[in-house]
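Right, one structure below, let's go through it.
The values are calculated or read from the model by the stated rules, or taken from the named source; none is laboratory data. Keep in mind that this is a model prediction, so the values were computed, not measured. Glycine gets a Cβ as well: all are built from the backbone with ideal geometry, and neighbour counts include every protein chain shown. Ligands, DNA and RNA are stripped out before the accessible areas are found, and what is left, the full protein with its side chains, is counted by its heavy atoms. Shrake-Rupley method; radii C 1.70, N 1.55, O 1.52, S 1.80 Å.
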Amino acid sequence: MAATATRVARSGILKLPASGINLQRTAKLSTLRDAVNGRKALLAAVGVVGGSAAGLAYALNESVKASDLTLHTSEFPWPHSGIFSSFDHASIRRGYEVYKNVCAACHSMKYIAFRNLIGVSHTEEEAKAEAEGVQIRDGPDDEGNMFERPGKLSDYFPSPYANDNAARSANNGALPPDLSYITSARHGGENYIFSLLTGYCDPPAGVTLREGLYYNPYFVGGAIGMAQALYNEVMEYSDGTPATASQMAKDVAVFLKWASEPEHDQRKLMALKCIMMFSLLTAITYYIKRHKWSVLKSRKMAYKPVR
């Protein structure tokens, strides 16, 4: 009788709670599995929609570029375009000479001071001489009058015009842009500057320009108010470099690139130092991780139920 009761208890009564627990666990696992699958499907749908939208935007952008009438610039092999390449400082000095002798007649660089040239293209004595070669309007003096004095290192490059209205009046209504950040403000940067300065040509058939305008395919619309400024031997370099139109355009483009990003060389030098430092720290971190975690990762855990 006792044996029969034991068999019944084992087969029925004792199995009911366990069966209920198993059903509950199975239901929970099924719910979690459905949630995970639903999340994966949602992420996949979002990825497909996002990728399609990005592809459509790119295609529309390229189609707009293809229909644009402006000639896009080429990528030129600038000496500073490498990952860790610095500026050609001799070219910066020649570019300053081009700006001083040609561009400064119409364009200002009101955010660049003479002191910024020190250690880049000129020595301190040379920069002082450049500053003293211009007259800076200052004042008022003790009597309340404005006066002119020789420039100092702290002075910024003088503007060729007193104000914007005077600049427009002298250029047939066109306002010459300030060149301090021109390579950052124009699509193409120094490539655009070089192409624009060397891209003047006769207008194609069917294109008529107003008086005072010139044709340049790299300028938006093709009609530009600035006449061609760079010709062969229009000036002489102090270092004896042949002053061809392309050489002057290249040098002034490098100078304007430096004016827009004077921290260019220091930024790349800092990046090189950071790469070297973090490479060493990564190696040390990896070694410590392997040393400290080798015991934890290689241990074996076993579960022994208490009977």
* To the nearest 10 square angstrom, how much accessible area does PHE76 have with a 1.4 angstrom probe? -> 70 Å²
* Note down the nm distance, to one decimal, between modelled labels 7 Å out along Cα→Cβ at ALA185 and at ILE83. => 3.3 nm
* Asked: Between rounded, prolate and oblate, where does the range 117-261 land on the alpha carbon gyration tensor, with a ≥ b ≥ c its root eigenvalues, rounded for a/c under 1.5, else prolate if a/b exceeds b/c?
  -> oblate
* Any idea what angle helix 245-260 forms with the longest principal axis of the chain, computed on alpha-carbon atoms, 0 to 90 degrees, nearest 10? -> 50 degrees
* To do: Choose one answer from GLN266, GLN247, GLN228: the residue with the largest mean-square fluctuation in a GNM of the chain with alpha-carbon springs under 10 Å.
  => GLN266
* Read through the labelled values [x] 29, 53, 17, 1; [y] 20, 35, 20, 13, 8, 4, 0; [z] 26, 52, 22, 0 and report the label of the one computed as P(r) over Cα pairs in 20 Å bins from 0, in percent from the structure. => [y]
* Asked: Between the helical axis of 89-101 and the dominant principal axis of the chain, each derived from Cα atoms, what acute angle in degrees is found, rounded to the nearest 10?
  -> 50 degrees
* For a quick protection proxy, order the peptides 150-159, 49-58 by their average other-Cβ count within 10 Å, most packed first. => 150-159, 49-58
* Per residue, how many Å² of accessible area does the range 79-137 show with a 1.4 Å probe? -> 50 Å²
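What is the percent carbon and sulfur in the accessible area of the chain, measuring with a 1.4 Å probe over the protein chains and ignoring ligands? Could the numbers behind the result be given before it?
Numbers: 12740 of 21290 Å².
The value for the chain is 60 percent carbon and sulfur by accessible area.
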* To do: Using the heavy atoms of the protein chains and a 1.4 angstrom probe, tell me the accessible area per residue for the range 166-272 in square angstrom.
  => 52 Å²
* To do: Would you mind calculating the relative contact order of the chain from Cα pairs under 8 angstrom and at least 6 residues apart, reporting the percent as a whole number?
  => 20 percent
* Round to the nearest 10 and report in Å² the accessible area of MET277, as given by a 1.4 Å probe over the protein chains' heavy atoms. => 100 Å²
* Structure fact -> The helix 15-67 Cα axis meets the longest alpha-carbon principal axis of the chain at an angle in degrees, between 0 and 90 and rounded to 10, of 20 degrees
* To do: Please identify, among ILE83, ILE136, ILE182, the residue showing maximal mean-square fluctuation in a Gaussian network model of the chain using a 10 angstrom Cα cutoff.
  => ILE83
* Asked: In whole percent, what relative contact order does the range 99-174 give with Cα contacts below 8 Å and a gap of six or more residues?
  -> 36 percent
* In the full protein assembly as shown, how much of ARG290 is accessible to a 1.4 Å probe, in Å² to the nearest 10? -> 130 Å²
* GNM flexibility winner over the chain from ALA41, ALA205, ALA127 (Cα, springs under 10 Å) -> ALA41
